[in-house]
């Protein structure tokens, strides 16, 4: 062993670049083997997540292309007007309290509420002894907000002008920021919270609650007349993609030891 170490030291001093390249190659080979082993042990869930991710990206690209060409205009108008009284387009369908519920639901996708929910989740994870997962939550939510604002600036689609807006708006219409960020945030949080609990009932509860909140927020945006339906569909697609990407990243970081391991089901 001493002779081998001496030879290694001599080679390192004599050919530092060659030894460094060999070391880097070994590290890449080790990372590749680890990645393949991880995929092999999670083949079904990883494959399904990858397929959903690809499908979501494809759906968003198709919607964006149709919206840019103006092909969805008639469908958007028809759906938006269906949710209004036929004799008064300023009056949403249903009694007054339903419109108030719409505002309550849409607030669940607002920046302030998402920040509070995210910080509460981070604190909860820290109390569970999972601070690294909490930091991952912050990165996931911040990433969703940046993507949403960037795409809004890129497409710059005007807001609906057929009916009065039931909520104040400040940005462009496509994709729906409320729909995307609520989908990305709630689905990502639901998935991460599910990973932190052992009971399958709790895992299912967090995931179903995340889906329900996402749907309520998106539907309320169309009901209040502040978004075209295709804005919401695009937001849902992109937000779901981001949540799936975060889930895959969390699994990979868990395998590398950068995120606390998932609690096994019982």
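Side notes on the structure shown:
- Test set (1) assigned to a loop (DSSP other than H, G, I, E, B); (2) over 20 Å from residue 174 (Cα atoms); (3) in contact with a helix residue (DSSP H, G or I) (Cβ under 8 Å, 6 or more places away or on another chain) - residue 94 fails condition number: (3)
- Within segment 171-266, helices (runs of 4 or more DSSP H) holding 3 or more residues that are modelled with pLDDT under 80, surrounded by fewer than 20 Cβ atoms within 10 Å (Cβ to Cβ) and under 18 Å from the mean Cα position of the chain (by Cα): 229-256
Here's the yes/no breakdown for (1) surrounded by fewer than 14 Cβ atoms within 10 Å (Cβ to Cβ); (2) modelled with pLDDT of 85 or more; (3) not in a helix (DSSP H, G or I):
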position	(1), (2), (3)
74	yes, yes, no
114	no, yes, no
118	no, yes, no
136	no, no, no
147	no, yes, no
153	yes, yes, no
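- Subset of segment 105-117 (residues that are farther than 15 Å from residue 180 by Cα and touching a residue at least 60 places away in the same chain (Cβ under 8 Å)): 117
- Single condition residue 104 does not satisfy, out of (1) touching a strand residue (DSSP E or B) at 6+ places or on another chain (Cβ under 7 Å); (2) at pLDDT 85 or above: (1)
- Subset of segment 161-170 (residues that are in contact with a helix residue (DSSP H, G or I) (Cβ under 7 Å, 6 or more places away or on another chain) and surrounded by fewer than 16 Cβ atoms within 10 Å (Cβ to Cβ)): 162
The values are calculated or read from the model by the stated rules, or taken from the named source; none is laboratory data. What you see is a predicted model; the values in this text were computed from it and never measured. Cβ: placed from backbone, ideal geometry, glycine included. Neighbour counts: every protein chain shown.
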